[in-house]
Every structure is written in C-alpha cells, then in structure tokens.
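The values are calculated or read from the model by the stated rules, or taken from the named source; none is laboratory data. A quick note: this is a predicted structure, and the numbers were derived from the prediction, not measured. No Cβ is skipped: glycine too gets one built from the backbone with ideal geometry, and neighbour counts run over all protein chains shown.
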Amino acid sequence: MTATDVWDGVATESKVERDRYGRPLIVPAKGGKAKPYTRVTTIANTLDDRYNLELWGKRQTAIGLMLRPDLLALVAAQQNDKDALNKTVQQAIDASKAGAAANTGTALHALIERTLSGEDLSHIPADLRADVAACVATLERHGFEIVHTEQLVVCEQIEAAGTPDLILKQGDRYVVGDWKTGAGAVDWGMPGIAIQTGIYTRAETMYDPATRTHTPMPTVDMSRAYVFHAPAGSGRCDVVEVDVGAGWQAAQLAMSVRAWRQRKDLGRSVTDAAGDLMFQREAVAVRIRALPQGAVDALARMARDAELPRVSQSAAAHLEDWATLLTLIEAEFEVPFEPKTPATRKKAKT
C-alpha cells in the first residue's frame with residue numbers, strides 16, 4: 001500500500017461539507033438532496049456521565065485565567081456575547097496546558113499513520129519514535145493490514161456518519177480499528193468507544209464527499225473491533241478487543257435518548273381548560289336552578305341511577321351526561337332554557 005492510498009481518506013475527510021452545527025452533509029445512498037447526518041462521536045457521547053469531566057473543565061478554566069490575565073480581560077468585555085465567551089474559555093483551558101496532551105496525541109496519531117504509509121520519520125523526537133515503533137510492531141505482530149484510514153462511512157439505519165481511524169484486514173476478515181493515545185482513554189472511555197465502533201461496524205457505505213457518491217462498506221466483523229492503546233510517551237501499544245455488539249445496542253439506546261430530549265409535547269397549558277371546566281359546571285348548575293322542584297327531584301333520581309358525581313365535582317365527561325339528563329328533564333317538564341356554553345361566554349366577552 002502506498003502513502004497516497006493510506007492518506008486518501010484523510011484528504012477526503014478534510015473536504016466534507018458541514019452544516020452550522022458541524023454535522024456532515026451527506027447525499028443519501030438512495031439519492032436526493034444532501035442533508036445533515038448525526039456525527040458518530042456525538043452519539044457516542046450521549047450516554048456519558050460528564051459530571052467529573054465538567055468539573056475538570058471548570059478547574060482548567062480557572063487555572064488558565066490565572067495564567068493569562070489578558071483572557072480575564074476578554075471575559076469582562078465579552079460577558080454578553082456567548083459565542084465569543086465560549087472561545088475565550090477554550091483558550092483558557094488550552095492555556096492551562098490541558099490541550100498539551102491532546103495535541104501530543106493528535107500528533108502521535110498522524111505520525112503513526114505516516115510511518116505505516118512508508119514515510120521516513122527519523123527526524124521526529126525520540127520519545128515519539130518509540131511510540132510509533134511500538135504501534136507499527138503491534139500491527140505487524142497481530143497480522144493486521146491497513147485497508148482504509150480515516151475513511152468517511154455512513155450508517156443509514158440511524159442516519160449517522162463518521163470516520164473510523166482504521167479499517168483493517170486480519171487473515172480473511174475485516175475489522176474496525178481505533179487509535180487511542182490518552183493515558184486513561186481505555187480505563188474511562190470504553191462505553192463511548194464501544195458505541196462508536198459499534199456504529200462503524202454497522203455502516204453500509206463509504207462516502208466520497210468530492211463526488212457525493214457511496215461505495216459498499218467492506219463486510220467487517222460485527223462482533224468485535226480493536227482499540228490500539230498507545231499512551232503518548234509510553235513506548236508501548238496494547239491491543240484491546242471491543243464488544244461492538246453491546247456497543248450497537250447502546251447506540252440504539254443513545255438514539256432513543258436523543259429522541260426523548262427533543263420531545264416538545266410533554267407539557268401543555270391547562271389554564272384555559274380549567275377555566276372552561278368551571279364554566280361548564282356553572283352552566284349545568286344554572287340549568288338545574290331553573291327547574292321546578294318536581295323536575296329537580298326527577299333529575300336527582302336519574303343522576304343517582306347513572307352514578308354521576310356532584311356537578312361541582314364532575315369532569316367534562318360527567319358534565320356531558322348531566323347535560324343529556326337535563327335535556328330530557330327540560331323536555332318532560334316543558335322548561336324553556338338555552339344553556340350558555342364556553343363558546344357563548346368567549347363571544348360575550350369580545
């Protein structure tokens with residue numbers, strides 16, 4: 001495999017069109033206009049318990065503001081501009097050196113792939129060379145051959161798209177692979193990793209945003225994927241097998257959670273309904289008060305037989321039953337009466 005082959009996926013990913021929320025715009029395989037697909041990483045993060053991560057972020061922001069008074073001045077100037085303030089907070093987190101490990105990991109990730117593509121990287125720092133060498137040796141020792149790197153794939157079942165780090169061949173089977181360079185990535189991140197790789201194994205197509213075309217996804221193993229865990233500076237690479245069957249189940253749960261969060265029909269105002277019910281009760285009471293005593297006695301017997309509650313305690317359905325009985329009684333005793341209704345009341349107010 002040539003360097004160009006390996007890096008085709010990276011070049012393709014850089015050209016992906018996105019909407020204002022960062023979602024990739026994909027033309028569906030069946031055709032039509034491009035539309036946003038949910039990022040696989042977004043789905044993978046849905047079920048995370050983010051409490052400790054959010055506390056960490058607050059601490060790093062405080063440290064960054066302490067180290068960079070200029071950022072504190074920006075906060076004072078931007079307190080009414082959410083977008084600008086968000087950017088300044090991110091700068092504060094980076095200033096706290098929280099971004100240093102992430103940058104090293106990103107660099108290591110790229111250097112591993114460039115080495116695998118045949119590039120000479122003897123000029124890179126010695127500690128990174130040891131990490132890269134460990135990764136290359138691990139792939140070779142386990143018989144993994146790189147088929148695709150950073151190739152955008154589409155899972156139409158849940159309208160999601162993302163880029164697995166690796167699609168590998170081991171013997172006669174294809175598997176999804178993922179690089180992780182953070183020290184605690186496997187200890188704390190396996191639920192998200194399982195969801196992410198679970199979705200990748202269910203992808204139906206690979207997508208080329210330049211031509212807006214789909215090609216079939218290799219038939220990858222849907223029971224397992226592999227994480228290659230190479231903590232930056234450790235000089236080692238551990239292979240971790242991932243249960244992608246469980247990850248796919250969790251992905252579907254995550255989609256249900258996302259749908260639940262988007263529900264807009266869980267509450268409704270009952271202020272007007274309560275007012276209408278009170279008016280309806282009063283309308284029935286007015287009709288009863290207009291009856292002669294004999295008619296009232298007859299109505300009471302009919303209400304007892306029908307097991308109706310008191311008018312003051314009746315729901316709308318019971319009030320309909322009261323109205324039916326009243327119509328019969330009014331006709332029997334020839335009581336002329338035209339009851340008011342909520343619509344009548346509203347019309348009278350206008």
Subject >> Number of the condition not met by ALA194 [criteria: (1) more than 30 Å from ASN52 (Cα to Cα); (2) free of Cβ contacts under 8 Å to residues at least 60 places away in the same chain] >> reply: (1)
Subject >> Given (1) hydrophobic (A, V, I, L, M, F, W, C); (2) modelled with pLDDT under 85; (3) in a helix (DSSP H, G or I), index of the condition LEU72 fails >> reply: (2)
Original post:
Would you call VAL136 surrounded by fewer than 20 Cβ atoms within 10 Å (Cβ to Cβ) and touching a Lys or Arg at 6+ places or on another chain (Cβ under 6 Å)?
Top reply: no
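Is it the case that some residue within the range 225-235 is of a type in the set (Phe, Trp, Tyr), touching a Cys at 6+ places or on another chain (Cβ under 7 Å) and not in a loop (DSSP other than H, G, I, E, B)?
Scanning the range 225-235, I find at least one residue that is of a type in the set (Phe, Trp, Tyr), touching a Cys at 6+ places or on another chain (Cβ under 7 Å) and not in a loop (DSSP other than H, G, I, E, B), so the answer is yes.
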Subject >> Per-region count, the range 110-123, residues touching a helix residue (DSSP H, G or I) at 6+ places or on another chain (Cβ under 6 Å), free of Cβ contacts under 8 Å to residues at least 60 places away in the same chain and not in a helix (DSSP H, G or I) >> reply: 1
**OP:** Return the residue satisfying two criteria in turn: it lies in the range 317-337 and is β-branched (Val, Ile, Thr) and in a helix (DSSP H, G or I), and of such residues it is surrounded by the most Cβ atoms within 10 Å (Cβ to Cβ).
**Re:** ILE329
**OP:** Answer yes or no as to whether ASP187 is charged (D, E, K, R) and either part of a strand (DSSP E or B) or surrounded by 20 or more Cβ atoms within 10 Å (Cβ to Cβ) (or both).
**Re:** no
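Looking at ILE199, ILE167 in this structure, which one is under 24 Å from GLN252 (Cβ atoms) and either out of contact with any strand residue (DSSP E or B) (no Cβ under 8 Å at 6 or more places or on another chain) or assigned to a helix (DSSP H, G or I) (or both)?
On the way: ILE167 fails: either out of contact with any strand residue (DSSP E or B) (no Cβ under 8 Å at 6 or more places or on another chain) or assigned to a helix (DSSP H, G or I) (or both).
Only one candidate qualifies: ILE199.
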**OP:** Please determine, by comparing only the residues of the range 31-58 that are farther than 19 Å from VAL153 by Cβ and not in a loop (DSSP other than H, G, I, E, B), which one is modelled with the lowest pLDDT.
**Re:** LEU53
**OP:** Kindly list the number of the only condition in (1) assigned by TED's automatic domain parsing to the domain that holds VAL27; (2) surrounded by 12 or more Cβ atoms within 10 Å (Cβ to Cβ); (3) of a type in the set (S, T, N, Q) that fails for SER314.
**Re:** (1)
Subject >> Options THR205, THR181; residue that is surrounded by 14 or more Cβ atoms within 10 Å (Cβ to Cβ), at pLDDT 90 or above and assigned by TED's automatic domain parsing to the domain that holds ASP243 >> reply: THR205
Subject >> Cross-chain or 6+ apart pairs with Cβ under 6 Å, the range 298-311 first and on the phi < 0 side of the Ramachandran plot, then small (Gly, Ala, Ser) >> reply: VAL311/ALA285
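Here is a yes/no grid of residues against (1) outside any helix (DSSP H, G or I); (2) closer than 21 Å to VAL175 by Cα; (3) at pLDDT below 90; (4) among the aliphatic types (A, V, I, L, M):
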residue	(1), (2), (3), (4)
GLY99	no, no, yes, no
ALA102	no, no, yes, yes
LEU108	no, no, yes, yes
THR138	no, yes, no, no
GLU145	yes, yes, no, no
Subject >> Where a residue in the range 143-155 is in the same structural domain as VAL40 (by TED's automatic domain parsing) and under 16 Å from THR201 (Cβ atoms) and its partner, wherever it lies, is of a type in the set (A, V, I, L, M) and surrounded by fewer than 19 Cβ atoms within 10 Å (Cβ to Cβ), with Cβ under 8 Å and at least six apart >> reply: LEU152/VAL16; VAL154/ALA29
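Go through VAL220, VAL240, VAL257 for me and flag whichever is more than 30 Å from ALA130 (Cα to Cα), surrounded by fewer than 16 Cβ atoms within 10 Å (Cβ to Cβ) and assigned by TED's automatic domain parsing to the domain that holds ASP172.
Details: VAL220 fails: surrounded by fewer than 16 Cβ atoms within 10 Å (Cβ to Cβ); VAL240 fails: more than 30 Å from ALA130 (Cα to Cα).
Testing whether each residue is more than 30 Å from ALA130 (Cα to Cα), surrounded by fewer than 16 Cβ atoms within 10 Å (Cβ to Cβ) and assigned by TED's automatic domain parsing to the domain that holds ASP172 leaves just VAL257.
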Original post:
LYS97 passes all but one of (1) surrounded by fewer than 17 Cβ atoms within 10 Å (Cβ to Cβ); (2) out of contact with any strand residue (DSSP E or B) (no Cβ under 8 Å at 6 or more places or on another chain); (3) over 26 Å from ARG18 (Cβ atoms); (4) assigned by TED's automatic domain parsing to the domain that holds ILE26; which number fails?
Top reply: (4)
